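Taking it in order: structure first as structure tokens, then the write-up.
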Amino acid sequence: MKHWNQVGVPVLILLAAALAQAADRGTLIRESPLYSSAGSSSQKVGQVERGRDLTIQERKDADGQAWFRISMAADQAAQITKELDGWVPGQAMVTASTANGDQIIFGQAVASEHEAEERGGRKGAAQDAQRLYARVAEFFPSSSLAAEAAWRSADIRWQLAKADVRSGTPPEEKYLQEVITRYPNTKQAQLAAFELLEGKLCPEWRGLPDCPEKESAMYEQYAREYPQSPKAAEALYNAAWRQAALADMYRIDNNNSKSDAARKKGTTLAQQIMNQYPQGDWKPRASDLLYKLEKKIPTFGSATQ
Amino acid sequence: MRGLTRILLALWFVLAAAAAFAQDKEQGTTISEVDMYVSPDSTSQRLAQVTRGRDVILVMDRTTLGGKVWAHVLVVVEVNPDRESARQISGWIPNTYLITTATPNGDQIIYGEAVDSENQAQQRGGRRGAAQDAMRLYYRLYEYFPNSPLAGEALWRAADIRWQMEKADERLRPISREMDPGMRDGIDEQTMRLLQKKFPRTKWSDLASFDMIDNKLCGSWKGETKCPEKESEIYEKYAREHPDSPKAAEALYNAAWRQAVLADMYKAQNERDKSEKARKKSVELAQEITTRFAEGDWKPQAMELMHALQQGIPVYDIETKKPAS
């Protein structure tokens, strides 16, 4: 009992502090101007996009509705510590204490993701989705949607960084690593681990066998480590396809024994897919690859036969 | 009379023999882009390039030269979809790239190549024409392996790729922005109709019905209520008629979202009763989604819509006549 008194008080204080902190944070599910004071007739001092992490400082009624004084990082992407301060109308504000807040933010994240995929969709919609998903996991860590939201946020961030070839910097791994650490042994952790393999692929093979050798081993290891992953069949196929490419490369180099060994390995892996994953698209793809290996149809190199 | 009977019997015999021949003849497609030659020799004159999924309507002969097997085939090498014209050409292609009704696991191989082409089409910098390759390959599977367990899915995918490509083309035409869908030619429904006829009361038939709603949607709403009214009705009807469809939740959401738009439109016109009625209808539909479809992304989207309706967050921008951003 004494022991509980000693431990319990600080724990309760910490818990209360954590709850207070969580309750003071919110996000917008619609873009809104940032005003210098409460009321839409005041001066606009900025713009608050969907999904920004907002610290709520004050609440006030104006124009017949609730207004929130918020502060936020001036540039979250660059992680600059400078803070922006101002007022936003409360209609689109969702906080950790909003009923079904996790579902509401997640729903807007899905809508933004769809918007990003559409031709002529809203500019910045993918970034909106990425931020909104991140907020679900942060504000509602116990939500049934938290793991999926964290994974989707990390995935969008990864895909955006990959597409941004101008920056010349490789995508950061830490967000995917976080998914693996926070949600171990989940489908989402397995998906994050698969995505991380992409960062280890050679940018170009230059016709040399080193890269496909290494990559095939990497994908095969993934399939062995995560046999239940939604990506296990794809990983095995990627390993098999690289063995088929190696068979072609070694054949071109007149290294027949290595070519045969690669073809055999490719065949074994393709057969494994057909046996282990009879449902879905990977079995027919493995059949196609198996046929090509059998008939010695090149899978690497010329486009027209 | 006896003479006529004899003629009819002879005619029936000829037709039956032709049908039997058509069934027995070896047909198929190519799983790679191949050059077609005038004779079984790659140094001979090149006749054409045969792309993936082209219709090999007849395999006439095979021969082995220098250890390589060649097939003498009759191929449809060019189809003009506008004129529905086809050009048939005969020549020799390497046999290894030819998958026919006689190839073991031919259905799996063609389907696998089709999936591969579809993935190529979705990749940035993917192979040019890969979507068309996928469409043809999927169709060939259905055509030449109608009893395969993959036939239904393959025909659906062929129909859907065709639909999406035509939809993208149509959007580029100025007439696509006409309010009345009747003003447009509409996307060709032939393959979708074939799918529904061959695979009635299946998931694929439901999916085809959902795609075909595109032809009934207004090109633009121009801020008028009649389009979202009608479209909401169409989507709700779909959800009622196809309750087990993979698109049932999406259809209900589309109906609910249009009702939310109507609430905003009527509110701007100061028609409070109609606005309130649309708002209530939208909430009802969104609630139905949360109850019936607890798994997947449609429940959170419906919850978000209900929250927007509750908080008075507009979903439609009356000034720009577009969904609110």
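The values are calculated or read from the model by the stated rules, or taken from the named source; none is laboratory data. A quick note: this is a predicted structure, and the numbers were derived from the prediction, not measured. Glycine gets a Cβ as well: all are built from the backbone with ideal geometry, and neighbour counts include every protein chain shown.
State all residues of the stretch A:118-146 that are within 11 Å of chain B (Cβ to nearest Cβ), part of a loop (DSSP other than H, G, I, E, B) and either crowded, with 21+ Cβ neighbours inside 10 Å or not charged (D, E, K, R) (or both); if no residue qualifies, say none.
Of everything in the stretch A:118-146, those that are within 11 Å of chain B (Cβ to nearest Cβ), part of a loop (DSSP other than H, G, I, E, B) and either crowded, with 21+ Cβ neighbours inside 10 Å or not charged (D, E, K, R) (or both) turn out to be A:120, A:121, A:124, A:143, A:144, A:145.
In the stretch A:93-124, which residues are within 15 Å of the chain's Cα centre (by Cα) and under 16 Å from residue A:32 (Cβ atoms)?
A:112
Checking residue B:248 against (1) within 21 Å of residue A:115 (Cβ to Cβ); (2) out of contact with any Leu (no Cβ under 6 Å at 6 or more places or on another chain), which test does it fail?
(1)
Keeping to the stretch B:259-311, report how many residues are of a type in the set (Val, Ile, Thr) and away from chain A (no Cβ under 13 Å).
Step one: filter the stretch B:259-311 for residues of a type in the set (Val, Ile, Thr), giving B:261, B:283, B:289-291.
Still in the running and away from chain A (no Cβ under 13 Å): B:261, B:283, B:291.
The total comes to 3.
I'd like the full set of residues that are within 14 Å of chain B (Cβ to nearest Cβ) and charged (D, E, K, R), limited to the stretch A:260-292.
Correct list: A:281, A:283, A:285, A:288, A:292.
From B:61, B:35, which residue is among the acidic types (Asp, Glu), surrounded by fewer than 18 Cβ atoms within 10 Å (Cβ to Cβ) and within 14 Å of another protein chain (Cβ to nearest Cβ)? Write out each step before concluding.
On the way: B:61 fails: within 14 Å of another protein chain (Cβ to nearest Cβ).
Going through B:61, B:35 in turn, the sole match is B:35.
If residue B:201 passes every condition in (1) at pLDDT 95 or above; (2) in a loop (DSSP other than H, G, I, E, B); (3) buried (at least 19 other Cβ atoms within 10 Å of the Cβ) but one, which one does it miss?
Of (1) at pLDDT 95 or above; (2) in a loop (DSSP other than H, G, I, E, B); (3) buried (at least 19 other Cβ atoms within 10 Å of the Cβ), only one is false for residue B:201: (3).
Is it the case that residue B:319 is of a type in the set (Asp, Glu), assigned to a helix (DSSP H, G or I) and surrounded by fewer than 23 Cβ atoms within 10 Å (Cβ to Cβ)?
Working: of a type in the set (Asp, Glu): yes; assigned to a helix (DSSP H, G or I): no; surrounded by fewer than 23 Cβ atoms within 10 Å (Cβ to Cβ): yes.
It is false that residue B:319 is of a type in the set (Asp, Glu), assigned to a helix (DSSP H, G or I) and surrounded by fewer than 23 Cβ atoms within 10 Å (Cβ to Cβ).
Filter the stretch A:45-83 for residues that are modelled with pLDDT under 95 and surrounded by 17 or more Cβ atoms within 10 Å (Cβ to Cβ) and give the result.
A:62, A:72, A:73
Could you tell me which numbered condition residue A:301 fails, if it satisfies all but one of (1) farther than 18 Å from residue A:239 by Cβ; (2) more than 14 Å from chain B (Cβ to nearest Cβ)?
Exception for residue A:301: condition (2).
Going by the conditions given, is residue B:169 more than 10 Å from chain A (Cβ to nearest Cβ), out of contact with any Gly (no Cβ under 8 Å at 6 or more places or on another chain) and exposed (fewer than 15 other Cβ atoms within 10 Å of the Cβ)? I'd like the intermediate steps shown before the answer.
Numbers: more than 10 Å from chain A (Cβ to nearest Cβ): yes; out of contact with any Gly (no Cβ under 8 Å at 6 or more places or on another chain): yes; exposed (fewer than 15 other Cβ atoms within 10 Å of the Cβ): yes.
Yes; evaluated as a whole, the condition is true for this residue.
Rundown of residues vs (1) more than 10 Å from chain A (Cβ to nearest Cβ); (2) in a strand (DSSP E or B); (3) free of Cβ contacts under 8 Å to residues at least 12 places away in the same chain, yes/no style:
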residue	(1), (2), (3)
B:93	no, yes, no
B:99	no, yes, no
B:103	no, no, no
B:107	no, no, no
B:113	no, no, no
B:117	yes, no, no
B:135	yes, no, no
